[in-house]
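Student: Below is one structure. I have some questions about it.
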Amino acid sequence: MNNKLYGNLIFELSQAGRKGYSLPKNRFGEYTIPAAMRRTEDAALPECDEMTVVRHYTNLSANNFGVDNGFYPLGSCTMKYNPKINEEMAALPQFQNLHPLQPAETVRGAEAVCSLLCKSLCELTGLHAFTLKPFAGAHGELTGLMVIKRYHESRDDLQRTKVIVPDSAHGTNPASAAVCGLEIVEVKSLADGTVDVDALKEIIAQYGDSVAAMMMTNPNTLGLFERQIPEIERLVHDCGGLMYYDGANLNPLLGAARPGDMGFDVMHINLHKTFSTPHGGGGPGAGPVGVRKGLEQFFPEVSPYHGNFAVAIRAYAYILTLGRAYIKEVGPLATLNANYIKECLKDVYELPIDTLCKHEFVFDGLKDKSTGVTTMDVAKRLLDYGYHAPTIYFPLLFHESLMIEPTENESKETLDGFIAVMRQIAEEAKTDPDLVKSAPHNTPIGRVDDVLAAKHPVTTYRAIMNCEL
Ligand SMILES: *Cc1c(COP(=O)(O)O)cnc(C)c1O
């Protein structure tokens, strides 16, 4: 790779007077912008020819890593293949050119997509009704908790302000509860990674009357199925609380189990994870919320219109592509792939909870801790071999978490290639630890100081030019 291509900003490629456009002849006459509203100096914009611009941005785009370039086993994020037919459906002009304020009789097709998608989600989850309004998983959590709050308020049960959240939960759970004005009570996990039911009983004995809900992820963020759900559900319902299901990662459940059947009352689904919308860059996503019968009247207005409609189209296209027969294979295949990687690597990576996992699992760094090679080093070294790193340092239950989620799409050859590289890195950690500690060596940018980047983000060109890189 030619490193020169990466160093330059479009501003640095600028040549005074160079142009990359020609405007058509003005047929509309002149309009003079009032002097008070005009710049006193020209804006400092780059001046480049068209080909320089095309090459610059094409080269930048080639720096991106995505599911379409290679294996992307980012735990808790479900980076699975996004079938291209979804994009074609979402790009159909009949959908793309709709205006949300069009008369209802002109958008019957779009309405049908929304209601058929909701129907499919009900079928897949065992719940009664869905709203497509939330824009993301965290937004769905907030929406679902608002439903729960309004339900308790409708019964004049106003002292229910506490939400029980397991210590293994995704960080958005306590954050959403806090944004919703609720208080968080953390329940501990057992050594096997599942919720400690005795600890839950104590919490309920102490706070019973003020419990609004319990939020759970199942399989949890360790990729483990919570076997005590029937008892947990009974404890929470008996004290008057509702059960909230974080269905951000519904992948392992497709074809295996339904939150509605497990006794959950409210849930969200991340369409962008399980139902294939590209989301590596952060969005747009969709976090539809489903509820048990009788709760749909409490859906709040959390966005205008129907949320991110194009994400809904992709999800519906994906569900139809797989159909009733094949969607059932998603969960079992994702589970098989995760267990295959886990079993092939657990002799060289530390597996703190050695049991059957679901769609993902967590290593606690390398087994041999004497080399000083950390999870961060392993993650960086993987980049040299052309793999996206797994999720690292999450969940917080272990010091060196390395969370791997392969998804159902990957072939055995891809999984074997990844396993071979992970073993190679474990070997390098022993024979040449500095090679791993100073990785990555083959990427356009080496190891960044992400603490500095987070604390002093430099986001403008002028600031970049003024700071010592
Ligand atoms: C991704 C995720 C979320 C948050 O979803 P966003 O769309 O990023 O807001 C919540 N819970 C779990 C378990 C997740 O994996």
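Student: Starting from the range 48-77, keep only residues that are on the phi > 0 side of the Ramachandran plot, then list their pairs with residues that are within 16 Å of the ligand (Cβ to nearest atom) and modelled with pLDDT of 90 or more whose Cβ atoms are within a distance under 6 Å, requiring at least 6 positions of separation or different chains.
Tutor: What qualifies is Ser76/Thr391.
Student: Same structure, new question: Mind listing just one residue for me: the one in the range 56-90 that is within 16 Å of the ligand (Cβ to nearest atom) and of a type in the set (A, V, I, L, M) and, of those, farthest from Ala310 (Cα to Cα)?
Tutor: Per the criteria, the residue is Leu74.
A quick yes/no check of all residues on (1) under 21 Å from Met403 (Cβ atoms); (2) in a helix (DSSP H, G or I); (3) among the charged types (D, E, K, R):
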{"position": "His152", "(1), (2), (3)": "no, yes, no"}
{"position": "Arg160", "(1), (2), (3)": "no, no, yes"}
{"position": "Pro174", "(1), (2), (3)": "yes, yes, no"}
{"position": "Glu186", "(1), (2), (3)": "yes, no, yes"}
{"position": "Asp198", "(1), (2), (3)": "no, yes, yes"}
{"position": "Gly208", "(1), (2), (3)": "no, yes, no"}
{"position": "Leu224", "(1), (2), (3)": "yes, no, no"}
{"position": "Val236", "(1), (2), (3)": "no, yes, no"}
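Student: What are the residues in the range 432-465 that are more than 28 Å from Ala338 (Cα to Cα) and of a type in the set (S, T, N, Q), if any?
Tutor: Ser438, Thr459, Thr460
Student: Now for a different question. Hey, Leu224 hits all of (1) without any contact (Cβ under 8 Å) to a residue 40 or more places away in the chain; (2) surrounded by 19 or more Cβ atoms within 10 Å (Cβ to Cβ) but one; which does it fall short on?
Tutor: The single condition Leu224 does not satisfy is (1).
Student: Condition check: charged (D, E, K, R), surrounded by 24 or more Cβ atoms within 10 Å (Cβ to Cβ) and either touching a Leu at 6+ places or on another chain (Cβ under 8 Å) or not in a strand (DSSP E or B) (or both). Does Arg423 satisfy that?
Tutor: For Arg423, the condition - charged (D, E, K, R), surrounded by 24 or more Cβ atoms within 10 Å (Cβ to Cβ) and either touching a Leu at 6+ places or on another chain (Cβ under 8 Å) or not in a strand (DSSP E or B) (or both) - is not met.
Student: If a residue counts only when it is more than 16 Å from the ligand (Cβ to nearest atom), which helices (runs of 4 or more DSSP H) contained entirely in the range 252-363 have at least 3 such residues?
Tutor: Hits in the range 252-363: 309-326, 330-345.
Student: Go through (1) more than 16 Å from the ligand (Cβ to nearest atom); (2) among the small types (Gly, Ala, Ser); (3) modelled with pLDDT of 95 or more; (4) surrounded by fewer than 17 Cβ atoms within 10 Å (Cβ to Cβ) for Ala175 and report which single condition fails.
Tutor: For Ala175, the failing item is (1).
Student: Give the residues of the range 191-206 that are surrounded by fewer than 19 Cβ atoms within 10 Å (Cβ to Cβ) and modelled with pLDDT of 95 or more, sorted by residue number.
Tutor: Of everything in the range 191-206, those that are surrounded by fewer than 19 Cβ atoms within 10 Å (Cβ to Cβ) and modelled with pLDDT of 95 or more turn out to be Asp196, Val197, Asp198, Ala199, Lys201, Glu202, Ala205, Gln206.
Student: To continue, here is another question. Could you grab me the full set of residues in the range 234-254 that are modelled with pLDDT under 95 and farther than 15 Å from Asn218 by Cβ?
Tutor: Answer for the range 234-254, where residues must be modelled with pLDDT under 95 and farther than 15 Å from Asn218 by Cβ: there is none.
Student: Also, quick follow-up: Would you check if there is a residue in the range 137-154 being more than 16 Å from the ligand (Cβ to nearest atom), farther than 23 Å from Leu253 by Cβ, surrounded by fewer than 20 Cβ atoms within 10 Å (Cβ to Cβ) and under 25 Å from the mean Cα position of the chain (by Cα)?
Tutor: Within the range 137-154, none of the residues are more than 16 Å from the ligand (Cβ to nearest atom), farther than 23 Å from Leu253 by Cβ, surrounded by fewer than 20 Cβ atoms within 10 Å (Cβ to Cβ) and under 25 Å from the mean Cα position of the chain (by Cα).
Student: When you go through (1) more than 12 Å from the ligand (Cβ to nearest atom); (2) touching a Lys or Arg at 6+ places or on another chain (Cβ under 6 Å) one by one for Gly240, which number turns out not to apply?
Tutor: So the condition that Gly240 fails would be (2).
Student: Right, next: Please verify whether Gly181 is modelled with pLDDT under 95, of a type in the set (Gly, Ala, Ser) and not in a helix (DSSP H, G or I), treating the condition exactly as stated.
Tutor: no
Student: Here are some conditions: (1) farther than 24 Å from Asn63 by Cβ; (2) hydrophobic (A, V, I, L, M, F, W, C); (3) surrounded by 21 or more Cβ atoms within 10 Å (Cβ to Cβ); (4) under 27 Å from the mean Cα position of the chain (by Cα). Leu415 meets all but one. Which one does it not meet?
Tutor: Of everything listed in (1) farther than 24 Å from Asn63 by Cβ; (2) hydrophobic (A, V, I, L, M, F, W, C); (3) surrounded by 21 or more Cβ atoms within 10 Å (Cβ to Cβ); (4) under 27 Å from the mean Cα position of the chain (by Cα), Leu415 misses just condition (3).
Student: For the range 401-413, state whether one or more residues are of a type in the set (Gly, Ala, Ser) and either out of contact with any Leu (no Cβ under 7 Å at 6 or more places or on another chain) or assigned to a loop (DSSP other than H, G, I, E, B) (or both).
Tutor: Yes, some residue in the range 401-413 is of a type in the set (Gly, Ala, Ser) and either out of contact with any Leu (no Cβ under 7 Å at 6 or more places or on another chain) or assigned to a loop (DSSP other than H, G, I, E, B) (or both).
Student: While we're here: Have a look at Arg314, Arg324 and point out the one that is among the basic types (Lys, Arg) and surrounded by fewer than 22 Cβ atoms within 10 Å (Cβ to Cβ).
Tutor: Arg324
The values are calculated or read from the model by the stated rules, or taken from the named source; none is laboratory data. Everything numeric here is computed off the predicted structure, so don't read it as measured data. Glycine also receives a Cβ, built like all others from the backbone with ideal geometry; neighbour counts cover every protein chain displayed.
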